[in-house]
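> One structure is given below, represented as structure tokens, and several questions about it will come after.
Nothing in this text is a laboratory measurement; each read-out follows from the coordinates by a stated rule. As the structure is a computational prediction, the values presented were derived from the model and not from experiment. Methodologically, a virtual Cβ is constructed for each residue, glycine included, from the backbone with ideal geometry; neighbour enumeration extends over all protein chains shown.
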Amino acid sequence: MNREGQDTGKHSALRGRMKADVAIAGGGLTGLSVALWLSRAGLRVALAEAETIGYGASGSCCGIVTPCRGLQYAAMETKLGAAVTDAYAHTHMKAIQAIVELCTRHGLNFSIREAPGMIVVEKDHANRLHEEAEAMKRAGLSAREEVLDPKLFARQKGLQISQVYVLDASAYLQALVTQAEATGVQIFERSRVTAVETDAVYTEGGSIQAPYIVIATGYPIVNTPGWYFIRLEQRSISLIQLTGARGPNAVFFSEDGSSACRVCGQNAVVQTSGCFVGYRKGFQEDPAAPAWAKRLGMRKTGSGTSGIETYTPDGLAYIGPYSSKTPDLFVGTGYGGNGLVGSMMAAQAISARILGLPSDGYEIYSPSRGINGLAMPLQLGTRYMKGMFGGAETPRCSHMGCRLVYNPVSRLWECPCHGSRFDGIGRVVNAPAIHAAQLRGRK
């Protein structure tokens, strides 16, 4: 095994060829979680991270661990059925329990605490609240309708939910790194994966051969099989720091799941999901906090940070074999802003599959499942067709050739088709692109 390295920080870059039982492309929450779970089972795991650990979406996480982010269980039960809804709740709770156990295990130098969770409804939807509470109860979750403090929320109502936790996301990520290394995981930074085969991943400096491959890059980097470029979309997310809160220490969610607010004392952080990556109208200098956060008396303390998240058409993540034709190539993505829980579900589901354990409900996340409706594929197809047109000098995305749009706020070139992002000299910042873009110095 050749492990010559180039020092780029804590972990070296991959150089030469090596062998492992499992090779993981991507070192965020998903990659590290999967690596830890498999290494605990005795497998040799090697992980290749494009930049440094936590560089991507993991760095734009506000540390909320929750079984839901809005009113979703009643709609899910209606559209997908009670069995899927029950499995969704079960797998989320199993992942949450694993996160709590990991955080409270002896030797981890940070804490996790349970916090009251409240879904805030902007209008009087008494029937909708009741239906959601009953659907959650049928799925085995605790939920109770609440009349909110009129001094803080006017006439708004809410749904109180349990099993909501808050933690320090950076400390949690580092804990995953520490535990993974302690069990023998080999981590390589500055090792962007440029090609994937069913038994190997390749970087500019070397390769990892393994019978099992896991793509954990946020947005899958292999177009076919799988066809994720017509089954996923990337949206911008923002973290906004607030102060002056008058409300209780709790976590508040908007009813549509587009925002979450974590209150601790007089300080708070809001995570909001925005528009599609590369969409010009979303280039905001100053993302706004939800209206109900303002009514809690909070004000911004400065400009926020931004990142991206992936979303699926039916709201269920893609976790499992990359396609029906590639049983030993796996993917974990599409968490829709709930990456802490989604990454742990990916670790449990992929580990169960590789180790030959019972699926325990994870089959609902099968990437090969059928999805009703053509809304997302049509939207993505429309954006792709629009993105293909442009002047000869327009910079193009190295993924599928769409014209790039310059975002003056993030100072990045963004692809409106599939969400790849590039820095000022064309280097890849976010997948699915894996090669640099030729910018020709234009903006």
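> Straight-line reach from Lys94: which aspartates and glutamates have a Cα under 17 Å away, not including same-chain ones fewer than 8 places off?
In chain and number order, the partners are Asp86, Glu114, Asp360, Glu363.
> Sort 411-420, 309-318, 92-101 for me by packing, meaning the mean count of neighbouring Cβ atoms within 10 Å per residue, highest on top. Write out the running numbers ahead of the final one.
Numbers: 411-420: 24.8, 309-318: 21.9, 92-101: 17.5.
Per-residue mean Cβ counts within 10 Å order the peptides as 411-420, 309-318, 92-101.
> Once you have the alpha carbon radius of gyration of the stretch 154-277, what is it after dividing by 2.2 N^0.38 Å, with N set to its residue count? Don't skip to the end; give the middle numbers.
Numbers: Rg = 20.1 Å, N = 124, 2.2 N^0.38 = 13.7 Å.
Here the answer is 1.47, to two decimals.
> At 10 °C and a viscosity of 1.306 mPa s, what translational diffusion coefficient does Stokes-Einstein give for the stretch 60-217, taking Rh as the Kirkwood radius over Cα pairs? Give it in µm²/s as a whole number.
84 µm²/s
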